[in-house]
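Reviewing the structure listed below.
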Amino acid sequence: MQVGLYSEAGRRDLAAARAFIAARGYEPTPAGIRRCRQELLASGELARIAGLRDFYGMNECRDLLFHVQEHRFTLPRVKEMVAELGLDFVGLVVEPATVARYRERFAGADPAADLDAWHAFEAEFPDAFAGMYLFWVRKREGS
């Protein structure tokens, strides 16, 4: 089974933007979203969010920044959940450039399935999973 989960580190800018939105009380209406986008751009520290394609479409921006509930995970938590569910972790789906950087940093580590090494990598490169963790699991043999 392929699973996709949001990364805590990879979504840190969005979490900060949601705190910015909550503190200022923007409404998820077209007018509120437009005002919010303008002020986020002007804020400087949160302007990186403007690099996301979803920032510019009304419905996409509402989902990106005003979503009522979003769950974010860390790789140690993913590893824990996979074990709790009696599954085997098969491997991450990662962009080739990120795999190349990982191999430079962790020569000899399995780039597909070593979650501890990937966690250390993500600590150094927090945007490595800016989109989400995408990975494969399978039912443990004999289960």
Worksheet item: Which residue out of Ala9, Ala16, Ala23 is among the small types (Gly, Ala, Ser), modelled with pLDDT of 90 or more, out of contact with any Lys or Arg (no Cβ under 8 Å at 6 or more places or on another chain) and within 16 Å of His67 (Cβ to Cβ)?
Response: Ala16
Item to complete: Just name the residue that is farthest from Phe125 (Cα to Cα) out of those in segment 44-94 that are assigned to a helix (DSSP H, G or I) and aromatic (Phe, Trp, Tyr).
Response: Phe66
Worksheet item: Restricting attention to segment 66-80, does a residue exist that is over 30 Å from Leu40 (Cβ atoms), over 17 Å from the mean Cα position of the chain (by Cα) and at pLDDT 95 or above?
Response: yes
Discussion item. So if I check each of Gly51, Gly57, Gly25, Gly32, which one is closer than 23 Å to Asp13 by Cα, buried (at least 16 other Cβ atoms within 10 Å of the Cβ) and without any contact (Cβ under 8 Å) to a residue 24 or more places away in the chain?
Written reply: Gly32
Practice prompt. Residues being surrounded by 14 or more Cβ atoms within 10 Å (Cβ to Cβ) and charged (D, E, K, R): count how many of those fall in segment 85-112.
Written response: 2
Discussion item. If the requirement is being modelled with pLDDT of 90 or more and either under 16 Å from the mean Cα position of the chain (by Cα) or under 21 Å from Ile21 (Cβ atoms) (or both), which of these qualifies: Ala120, Ala83?
Written reply: Ala120
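The values are calculated or read from the model by the stated rules, or taken from the named source; none is laboratory data. Given the structure is predicted, the values throughout are model-derived calculations rather than measurements. In this analysis, Cβ positions are derived from the backbone assuming ideal geometry, glycine residues included, and neighbour counts consider all displayed protein chains.
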